[in-house]
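*Asks:* To start, I am sharing the structure in question, which I have written as structure tokens.
The values are calculated or read from the model by the stated rules, or taken from the named source; none is laboratory data. Note that the coordinates shown come from a computational prediction; the quantities given were computed from them, not determined experimentally. A quick note on method: Cβ atoms are made from the backbone with ideal geometry, for glycine too, and the neighbour counts reach across all protein chains shown. For accessibility, only protein heavy atoms count, side chains too; no ligands or nucleic acids. Shrake-Rupley method; radii C 1.70, N 1.55, O 1.52, S 1.80 Å.
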Amino acid sequence: MTTLMNNTALSHWLRRGALTLGALMLAAAAHASAPKIVKKVAPEFPREATAQSITSGTVKAKMSIDPDGHVTGVEIIESAPRRVFDKSVTQALMEWRFEASGEKQTHEVKLVFNNED
């Protein structure tokens with residue numbers, strides 16, 4: 001009985017270790033391949049949001065980047081509240097620049113808006 005419990009505990013520990021190691025490897029790979037940002041432009045807080053008494057929100061977006069580091073497109077993946085900040089984010093991200101890599105890339109970002117005025 002003790003051997004069975006020890007084997008079960010060992011098996012559980014090894015599985016957790018393997019999952020942790022796998023997650024760390026994925027995180028390291030994602031970090032290593034992330035394009036280097038050389039110019040950021042902050043999005044403006046939309047007047048429409050203020051007019052609607054919206055004081056905060058988030059937008060997750062995916063940028064398409066050409067081999068020279070220019071953003072060629074922005075896809076809004078999710079936003080809350082929906083569509084309130086999308087135009088502002090798209091305009092700002094189109095002005096971002098990345099270090100030239102010689103190949104097409106994509107990069108995802110999550111932007112958080114807070115307006116306490």
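*Asks:* Compute, for the stretch 30-117, the length of the dipole vector about the Cα centre, with Cβ point charges of +1 (Lys, Arg) and -1 (Asp, Glu) only. Units Debye, rounded to 20.
*Replies:* Result for the stretch 30-117 is approximately 80 debye, rounded to the nearest 20.
*Asks:* For S56 paired with Q91, estimate the spin-label separation in nm (one decimal), with each label point 7 Å from Cα along the Cα-to-Cβ line.
*Replies:* Those two pseudo-labels are separated by 2.5 nm.
*Asks:* At a 1.4 Å probe radius, carbon and sulfur cover how many percent of the accessible area of the stretch 43-117?
*Replies:* Roughly 43 percent, rounded to a whole number.
*Asks:* Further question: Which far-off residues, 5 or more places away or on another chain, put their amide H under 5 Å from the one on T58, with H placed in the peptide plane?
*Replies:* Correct list: A80, F113.
*Asks:* Tell me the net charge near H107. Cut-off is 15 Å between Cβ atoms, H107 excluded, with +1 for each Lys or Arg and -1 for each Asp or Glu.
*Replies:* Neighbourhood net charge equals +1.
*Asks:* Using the Karplus curve 6.51 cos²θ - 1.76 cosθ + 1.60 with θ = phi - 60°, work out ³J(HN,Hα) for each residue of the stretch 71-77 in order, rounded to whole Hz, and write x for Gly and Pro.
*Replies:* 7, 9, x, 10, 10, 7, 8
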